[in-house]
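J.: Starting off with a structure, shown below.
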Amino acid sequence: MMTAEQFDRAQHLALRVAGIQLLQRHRELLGRRCCRLGIRDPASLDVLLQGVDRGDSPAVGRFIGLLTTKFTGFFRHPAHFAAAAAHAVQVVRSSGRARLWSAAVATGEEAYSLAMALIEAFGCDDPPATVLATDIDTAALAVAEQGEYGETALRTMDVNRRARFFEASAAIGRCRVAPTVRSRVQFQALNLASDAWPFAGAFDVIFCRNVLMYLEACHRYAILERLASLLAPEGRLILDPAEHLGRAAHFFTPGPDGVYRRQRGPCPSRRVMRQGGQRHTNAPCPPMKMDL
């Protein structure tokens, strides 16, 4: 059972470490996740929170595992992958190569779906397009890099795609992503709320689905501003259809089903200020509470 004091500490640490805003109704959810991870008594949770406060990497990684929801799947919202691949084809016709980014890849299904969609759209196994796949959860990234999935993950996969893009694994009941798909994707750990992103744009398509709804308002604006600065002119930002841009809407032109186009013009500036020990852009930041 998570005590009120422990939940208060978890709230502050979640905001500091990942920009995630925890509400009181999340206390029970976090308690259940603690049990699943083997943290079943207050003393063990205290040790974890103390480690996070010190910046201990294993503790931070375990804490991130408590905070993040790894709900994903192959070709979830199929229209998003069709739109991304179609835009990549247009970009290649004009500039020769396309870059795509899955910014919260979890266990990899989204990034591999993008790679499959690119192979199909270009009609070859080595299209002139690549996918950067990042996530804050290094344990989830390890699963993604392994590229092996069971029947639960593959149950909605089209049979033709499954035959083309997967091969048998040594593990019973599991299949491995084919090398042609795997070679299109580069995995990298990234905390979107951190000051430093260790790569540069421009990206032609950015997937950032099921992320914004978890973030405190200032972090959400700052991340959207940075995503806009990394998108090529006319580049596409793809969100979950239930998400919205809020005060960052002026960077993008909305399209159907959560597909946004970066507006033409210079990249947004990123004047930065500090609030409560955190770095934020100069956008107005009224309190906003989001669901886990």
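J.: Projected onto the charge dipole of region 78-262 (+1 at Lys/Arg Cβ, -1 at Asp/Glu Cβ, origin at the Cα centre), which of T152, H244, M116 gives the Cα projection farthest towards the positive end?
T.: M116
J.: Another question about this same structure. How much net charge surrounds F252 when only other residues with a Cβ under 10 Å from its Cβ are counted (Lys, Arg +1; Asp, Glu -1)? Before the final figure, lay out each step's value.
T.: On the way: positive: R236, R261, R262; negative: none.
Here the charged neighbours net out to +3.
J.: What whole-number volume per residue, in cubic angstrom, does the convex hull of the C-alpha atoms of region 30-184 give?
T.: Details: hull volume 20.2 nm³, N = 155.
Convex hull of Cα atoms, per residue: 130 Å³.
J.: Moving on to the next point. Å³ per residue of the Cα convex hull, for region 155-202?
T.: Looking at region 155-202, the number lands at 163 Å³ per residue.
J.: Now for a different question. Report, to one decimal in Å, the Kirkwood hydrodynamic radius for region 124-168 based on all distinct Cα pairs.
T.: Kirkwood radius, region 124-168: 12.8 Å.
J.: Starting from 0.36 nm per residue, how many nanometres of slack lie between S169 and F199 once their C-alpha separation is accounted for?
T.: Details: separation 30, 0.36 × 30 = 10.80 nm, distance 3.29 nm.
The S169-F199 span can extend by a further 7.5 nm.
J.: Only loop residues by DSSP count here, and only those with at most 13 other Cβ atoms within 10 Å; note down the chymotrypsin sites (Phe, Trp or Tyr not before Pro) in region 11-98 that meet that.
T.: F71
J.: Rounded to the nearest 20 Debye, what is the dipole magnitude of region 138-178 about its Cα centre when Lys and Arg each give +1 and Asp and Glu each give -1 at the C-beta?
T.: In total the dipole reaches around 140 debye.
J.: Among V185, F75, M213, which residue has its Cα positioned farthest towards the positive end of the charge dipole of the chain, with +1 placed on the Cβ of Lys and Arg, -1 on the Cβ of Asp and Glu, and the dipole taken about the Cα centre?
T.: Farthest towards the positive pole: M213.
J.: On to the next question. Considering the Cα trace of the chain, what is its radius of gyration and what is Dmax, both in angstroms?
T.: 19.6, 59
J.: Further question on the same structure: Please compute, for the alpha-carbon atoms of region 4-67, the extent along each of the three principal axes and give them in descending order in Å.
T.: Computed over the Cα atoms, the extents are 25, 24, 19 Å.
Read the figures in this text as sums done on the coordinates, not as results from a lab. Given the structure is predicted, the values throughout are model-derived calculations rather than measurements. Methodologically, a virtual Cβ is constructed for each residue, glycine included, from the backbone with ideal geometry; neighbour enumeration extends over all protein chains shown.
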